[in-house]
Amino acid sequence: MRRRMRNLVVMGLVVLTLAIPGCLVVVAGGAAAGGVAYVKGDLEAVVPGTPQQVARATDGAAADLRLIKVSSESSSTDMKYLLRTAGDKKITVTAKRESDRTSKLSIRVGIFGDKDLSQMLYDRI
């Protein structure tokens, strides 16, 4: 009986998650980064490193993916990159310092987001 109730609760949560588009699409665990979430078109994660270190990593990732760097700014507290794909899709990458060793990273592709491209960029950062 207990097992059946637990299964019903799990199924209910799965159905509820699928029924609410745009709220929480994907959550994946990551020990070093503390997890990755794709929320309302933004890929968000806490990553190791200062915003300046994240900026250097973003430079490398953009070069690997052959993205065009439109602008970039970074300081000890935050960073913002504006990139474009060959198809002129806008990508905004931001990071804000969370602690001495971590930053909160956000990647947004286009107006509505692109989970696959966001994840590809995140994996290279």
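Provide the gained length on full extension for the span residue 37 to residue 124, in nm with one decimal, where the gain is 0.36 nm per separating residue minus the Cα-Cα distance.
29.7 nm
Under the 0.36 nm per residue contour assumption, what length would be gained going from the current alpha-carbon distance of residue 116 and residue 75 to full extension?
11.9 nm
Given labels modelled 7 Å from the Cα in the Cβ direction, how far is it in nm from residue 92 to residue 59?
Label at residue 92, label at residue 59, 2.3 nm between them.
Sorted by mean Cβ packing within 10 Å, highest first, what order do the peptides 49-55, 85-91, 74-80 take?
49-55, 74-80, 85-91
No lab work stands behind these numbers, since they all come straight from the coordinates. Remember, it's a predicted structure, so these values are computed and weren't measured experimentally. As a convention, Cβ positions derive from the backbone with ideal geometry for all residues, glycine included, and neighbour counts pool all protein chains shown.
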